[in-house]
Structure formats: structure tokens, C-alpha cells
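Visitor: Next up is a structure, given as C-alpha cells.
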Amino acid sequence: QVQVAESGGGLVQPGGSLRLSCAASGSILSISTMGWYRQAPGKQRELVARITTGGTTNYADSVKGRFTISRINANNTVYLQMNSLKPEDTAVYYCRGVVDGYIIWGRGTQVTVSS
């Protein structure tokens with residue numbers, strides 16, 4: 001059974017940094033796009049950033065210049081470096097991978113930005 005699991009969330013003060021990690025495990029032939037999404041209370045889940053196998057990235061306008069997505073294909077791992085965090089970045093962050101043609105979601109990790 002293929003799974004993706006996030007780690008690295010927590011509580012941080014405004015202006016601080018966090019690094020999220022996501023690893024895919026199980027019987028995997030290939031993973032194409034991997035990405036991070038977030039969902040704040042009372043809001044719809046939204047794309048934060050995604051990255052292709054070849055390294056092409058795209059970001060939500062709200063995080064451009066502050067967040068960086070990266071991946072290690074050999075380890076089926078994707079990272080999200082988040083800098084200059086703002087209270088409005090508070091949300092549950094979900095990892096999403098397209099694994100062997102199927103979309104797999106992680107369970108999410110809470111990020112809270114508050115003083």
C-alpha cells in the first residue's frame with residue numbers, strides 16, 4: 001500500500017521559519033508531480049507549491065519569494081521550506097503525490113503562526 005506522510009509542522013512566531021517534509025513509501029514504480037496544499041479553518045484546500053520530476057515548480061502568489069519546494073527523487077521525498085511566516089499561513093498542510101498515476105494524499109500536519 002502506497003502512503004505519503006508529512007512531518008515538520010508546529011508553532012512558530014511571525015517572521016519565523018519551518019521546514020516540512022513528506023515521504024512516499026510502499027510499492028512505487030514512479031512519482032510524477034508532488035505538491036503541498038493547505039487548508040485553513042473555514043476555507044477550501046488550496047495549492048501552495050508543486051514540483052515535477054524534472055524540477056519545474058509553481059507557487060501560489062501568496063507564498064512566492066517566501067516558500068521553496070524541493071524534492072529528492074531517489075528518496076521519493078519532497079520538502080517545503082517556509083520563511084517569513086505570517087499568521088495567515090496558519091493551516092493544515094497536506095502533501096500530495098501522483099504515484100503510478102494515482103493521487104495520494106497525506107493526513108496533514110498543522111502549522112500555526114502566532115505570537
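The values are calculated or read from the model by the stated rules, or taken from the named source; none is laboratory data. In this text the structure is predicted, and so the values were computed from the model without any measurement. Positions of Cβ are backbone-derived with ideal geometry, glycine not excepted, and every protein chain shown enters the neighbour counts. Heads up: the accessible areas ignore ligands, DNA and RNA and are worked out on the full protein's heavy atoms, side chains in. Shrake-Rupley method; radii C 1.70, N 1.55, O 1.52, S 1.80 Å.
Visitor: How high is the relative contact order of the chain? Use alpha-carbon pairs under 8 Å, at least six apart in sequence, and give a whole percent. Intermediate results must be reported in sequence, preceding the final value.
Guide: Details: 286 pairs, mean separation 43.0, N = 115.
Worked out over the chain, it gives 37 percent.
Visitor: Starting from the Cα-Cα distance between S114 and R66, subtract it from 0.36 nm times their residue separation and give me the gain in nm to one decimal.
Guide: Working: separation 48, 0.36 × 48 = 17.28 nm, distance 1.71 nm.
Once the chain is fully extended between S114 and R66, it gains 15.6 nm.
Visitor: Restricting to DSSP loop positions (anything but H, G, I, E, B) with no more than 14 other Cβ atoms inside 10 Å of their own Cβ, which trypsin sites (Lys or Arg not before Pro) remain in segment 11-115? All intermediate terms of the calculation are to be shown ahead of the outcome.
Guide: Working: sites: R19, R38, K43, R45, R50, K64, R66, R71, R96, R107; in loops: K43, R45, K64, R66, R107.
Taking segment 11-115 and a limit of 14 other Cβ atoms within 10 Å, the loop trypsin sites (Lys or Arg not before Pro) found are K43, K64, R107.
Visitor: With all protein chains present, how much of the accessible area of segment 3-80 (probe radius 1.4 Å) comes from carbon and sulfur, to the nearest whole percent? Walk me through the intermediate numbers first.
Guide: Working: 1970 of 4170 Å².
With neighbouring chains kept in place, the figure for segment 3-80 is 47 percent.
Visitor: Sort out for me the Cα centre separation of segment 1-23 from segment 68-106, rounded to whole Å.
Guide: Between the Cα centres of segment 1-23 and segment 68-106 lies a distance of 8 Å.
Visitor: With every protein chain present, what is the per residue accessible area of the chain (1.4 Å probe, Å²)?
Guide: On the way: 6160 Å² over 115 residues.
Solvent-accessible surface per residue comes out at 54 Å².
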